[in-house]
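Comments concern the structure below.
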C-alpha cells in the first residue's frame, strides 16, 4: 500500500473518532418549537441580519405503524410477461358444387326374439342384438337411431329418421300347439 494512502486512511480514522467523542451541542429539552422575540439590539439591525432563535422538538416514535393499504398488483413478477392468446383463424368457407351426401344408414343388427303378455294384459315384444334382449314398444328409439313405427302380428316396422329409410323385421308365425 502506498504511504500517501496510509496517511489518508489514518486521518480518516482520527476524524471519525473525534466526531464520535466530541460533545454534542444541541437542544437539551424537548420543548416545542418556540420562536423567541428578537432582542432590542437585534431589532435595530437591518432585516437580513436578524436571527430568530428556535429549538427543535423531538417527538417519540409510535409503537406500531398502521399497515399500508396497497392496491392489488396488476402484474405477477413470478409468472413473467405473457403475450395475449393468438386470435383464432378466420373460418374457411368452402363452396361445394356437389350436393351433400345422403346420410349413411347404420346396419340393422336386430332380430325378433319373442313376445309376451304381462299380468296387466299388455303385449311386450323383444328384439335381440347379440346376447342382449331389448323390450320395444311403438315410438321406442333404438341405439343406432332407428325408431319403432308399428308392431303387427307378422312384422316390426322401423324407420331411420335422418334418411327417412324404413326397415322391417319379420315375425315368424307362432307354432301350432300340439295335443298329445
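Readers should treat all values here as calculations from the given coordinates under stated rules, not as data from a laboratory. These numbers were taken from a predicted model, which means no experiment stands behind them. Methodologically, a virtual Cβ is constructed for each residue, glycine included, from the backbone with ideal geometry; neighbour enumeration extends over all protein chains shown.
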Suppose the chain between residue 12 and residue 144 were pulled fully straight at 0.36 nm per residue; how much longer would it get relative to their current alpha carbon spacing?
37.7 nm
Let me check against my output: what whole-number percent is the relative contact order of the range 76-180, with C-alpha pairs under 8 Å and at least 6 apart?
16 percent
Order the peptides 61-71, 109-119 from the highest to the lowest mean number of other Cβ atoms within 10 Å of their residues.
109-119, 61-71
Sorted by packing (mean other beta-carbon atoms within 10 Å per residue), highest first, where do 6-16, 136-146 land?
136-146, 6-16
Over 24 Å, how big is the tail of the calculated P(r) for the range 66-180, in percent of all Cα pairs?
57 percent
Just need the relative contact order of the range 111-170 here, percent rounded to a whole number, with Cα pairs under 8 Å and 6+ apart.
20 percent
So if I restrict to the alpha-carbon atoms in the range 111-170, what is the Rg, and what is Dmax, the biggest pairwise distance, in Å?
11.6, 38
